[in-house]
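Right, one structure below, let's go through it.
Values in this text are rule-based calculations from the coordinates and carry no lab data. The shown structure was predicted, so the numbers you read here are calculated from the model rather than taken from an experiment. Here the Cβ is made from the backbone with ideal geometry for all residues, glycine too, and neighbour counts use every protein chain on show.
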Amino acid sequence: MAKGGYGGMGGMNMNNLMKQAQKMQKQMADMQKELEEKRFEITSGGGAVKITITGSKTVEKIEISEDVVDPDDIEMLEDLILTAVNEAIRTVDEATASSMGKISGMSGIPGLF
């Protein structure tokens, strides 16, 4: 058996491996907390609708420009809001994946986080 008794681990012992895993787990928890407290502002319709969302995907605010409030075209306003909310969620997902990927070294795997 290889020196250290863990063949194939390149001499790394289990204690060091556990310490690295704990360090990574703490970094990920800290990053997650930081992301949850972060605010993202996303607009649609050239700024007609603005969404403020947290990193935990809580929509905090929706601002609608008076210019797009047309009682005869509610569908357009609904589409603008829907687009802004979906873009806000996508932005948070990308920020989470990017941040967590930096810690884990696996940022190139889509949908991992």
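Using Cα pairs under 8 angstrom and six or more residues apart, how large is the relative contact order of segment 23-78, in percent?
23 percent
I need two numbers for segment 44-87: Rg to one decimal and Dmax as a whole number, Cα atoms only, in Å.
Looking at segment 44-87, its Cα Rg and Dmax stand at 10.7, 35 Å.
Tell me the Kirkwood hydrodynamic radius of segment 9-74 in angstroms, computed as one over the mean inverse distance between distinct C-alpha pairs.
That comes to 15.5 Å for segment 9-74.
Can you list the residues of segment 28-49 with backbone N under 17 Å from a point 7 Å past the Cα of Met76, pointing along Cα to Cβ?
From segment 28-49, the list is 44-49.
Please find the FRET efficiency linking Met14 to Lys57, where r is the Cβ-Cβ separation and R0 is fixed at 41 Å, and quote it to the nearest 0.05.
The value I calculate is 0.65.
Could you list, in their original order, any pairs among Lys38/Lys102; Lys33/Lys61; Lys26/Lys57; Lys26/Lys61; Lys61/Lys102; Lys19/Lys57 whose Cα atoms are separated by more than 26 Å?
Lys26/Lys61; Lys61/Lys102; Lys19/Lys57
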